[in-house]
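Trainee: Below you'll find the structure I mean.
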Amino acid sequence: QVQLVESGGGLVQAGGSLRLSCAASGRTFSNYAMGWFRQAPGKEREFVATISRSGGVASYEDSVKARFTISRDNAKNTVYLQMDSLKPEDTAVYYCAARIGGIGLGGNDYDYWGQGTQVTVSS
């Protein structure tokens, strides 16, 4: 079992930045690829970014490429999502997720989920 706790969400103006953190506990963190997903009101959950177990491979949804950066610190059991140049359409609840093995692009690929953190971007 892996427990995931997100933090770092909040209210920010368009063009601003936030860094989300997701702290993991319960199992060997470096055994898990990690992902970030988001869900806006009235919309389905969507993939944002994923990172491999070592941190050497990452993949992003097209709309966040060049603005968001996923990273991880296996010594701290934490994955991060640095979000720059935020837009109102980035407003959503952001979730981190963990899966055994390689990176995954679909929500169904992941076994463990955090409770989410709200990100609101004002125009």
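Trainee: Between Ala23 and Asn74, how many nm apart are label points set 7 Å from Cα along the C-beta direction?
Mentor: Placing both labels 7 Å beyond Cα along the Cβ direction yields 2.1 nm.
Trainee: Using the heavy atoms of the protein chains and a 1.4 angstrom probe, tell me the accessible area per residue for region 23-123 in square angstrom.
Mentor: Result: 48 Å² per residue.
Trainee: A follow-up question, please. Run through every distinct alpha carbon pair of the chain and return the Kirkwood hydrodynamic radius in angstroms, one decimal place.
Mentor: 14.1
Trainee: Contour minus end-to-end for Ser122 and Leu11, with contour as 0.36 nm per residue of separation and end-to-end as the Cα-Cα distance?
Mentor: 39.2 nm
Trainee: Still on this structure: If you place +1 on the Cβ of every Lys and Arg and -1 on the Cβ of every Asp and Glu, how big does the dipole about the Cα centre of region 1-103 come out, in debye to the nearest 20?
Mentor: Result for region 1-103 is approximately 280 debye, rounded to the nearest 20.
Trainee: Express in nm, to one decimal, how much length is gained between Ala40 and Ser54 on full extension, taking 0.36 nm for each residue of separation and deducting their alpha carbon distance.
Mentor: Extra length available between Ala40 and Ser54 comes to 2.1 nm.
Trainee: Along the Cα→Cβ direction, 7 angstrom out, place labels at Ser63 and Asp84. What is the inter-label distance in nm?
Mentor: 2.1
Trainee: Which is the longest part of the chain that has none of the trypsin sites (Lys or Arg not before Pro) sitting in a DSSP loop with at most 11 other Cβ atoms within 10 Å?
Mentor: Longest stretch, sites excluded: 66-123.
Trainee: Turning to a different aspect of this structure: Below 8 Å, C-alpha to C-alpha, sequence gap of six or more: please give me the relative contact order for region 50-111 in percent. Each step should come with its number before you reach the end.
Mentor: Numbers: 58 pairs, mean separation 18.8, N = 62.
Averaging sequence separation for qualifying contacts and normalising by length gives 30 percent for region 50-111.
Trainee: For a label point 7 angstrom out from the Cα of Asp111 toward its Cβ, which stretches of region 1-17 have the backbone nitrogen within less than 11 Å?
Mentor: 1-2
The values are calculated or read from the model by the stated rules, or taken from the named source; none is laboratory data. Since we're looking at a predicted model, the values are computed, not measured. Using ideal geometry, Cβ is built from the backbone for each residue, glycine included, and neighbour counts are taken over all protein chains shown. We work out accessible area using only protein heavy atoms, side chains counted, and drop any ligands, DNA or RNA first. Shrake-Rupley method; radii C 1.70, N 1.55, O 1.52, S 1.80 Å.
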